[in-house]
Amino acid sequence: MFGLKSFTAASVAAIFLLGMPAMSFATEQGQQRKAARDVRQDTRQGARDTKQDCRAANDQSNAGCRQDKRDTKQTGRQTGRDIKY
């Protein structure tokens with residue numbers, strides 16, 4: 001009977017220790033996703049500001065200001081991808 005308890009305890013310990021790297025990776029991956037999401041959210045506000053500044057300066061047509069906003073958002077998306085991958 002004593003052998004069965006020690007075998008069970010050893011099995012549980014082995015399963016727990018083998019699962020540790022996967023849990024660590026999942027935590028790291030979650031932090032990367034959160035950092036990328038924060039970058040994208042900050043980029044959205046930056047893109048809005050870019051368009052408002054463009055329209056206020058009256059340098060370009062509205063279509064040109066929209067393109068500047070798209071470019072700003074695309075740069076933020078790429079930065080987010082770089083963080084995640």
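The residue of region 47-85 that is nearest to Arg37 (Cα to Cα), among those that are aliphatic (A, V, I, L, M) and without any contact (Cβ under 8 Å) to a residue 40 or more places away in the chain, is Ala47.
So that you can scan it fast, the table gives a plain yes or no per residue for (1) surrounded by fewer than 12 Cβ atoms within 10 Å (Cβ to Cβ); (2) at pLDDT 75 or above; (3) part of a helix (DSSP H, G or I); (4) among the acidic types (Asp, Glu):
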{"position": "Ala10", "(1), (2), (3), (4)": "yes, no, yes, no"}
{"position": "Ile15", "(1), (2), (3), (4)": "yes, no, yes, no"}
{"position": "Phe25", "(1), (2), (3), (4)": "yes, no, yes, no"}
{"position": "Gln45", "(1), (2), (3), (4)": "yes, yes, yes, no"}
{"position": "Ala63", "(1), (2), (3), (4)": "yes, yes, yes, no"}
{"position": "Thr79", "(1), (2), (3), (4)": "no, yes, yes, no"}
{"position": "Ile83", "(1), (2), (3), (4)": "no, yes, yes, no"}
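The values are calculated or read from the model by the stated rules, or taken from the named source; none is laboratory data. Remember, it's a predicted structure, so these values are computed and weren't measured experimentally. Cβ atoms come from the backbone with ideal geometry, glycine included; neighbour counts cover every protein chain shown.
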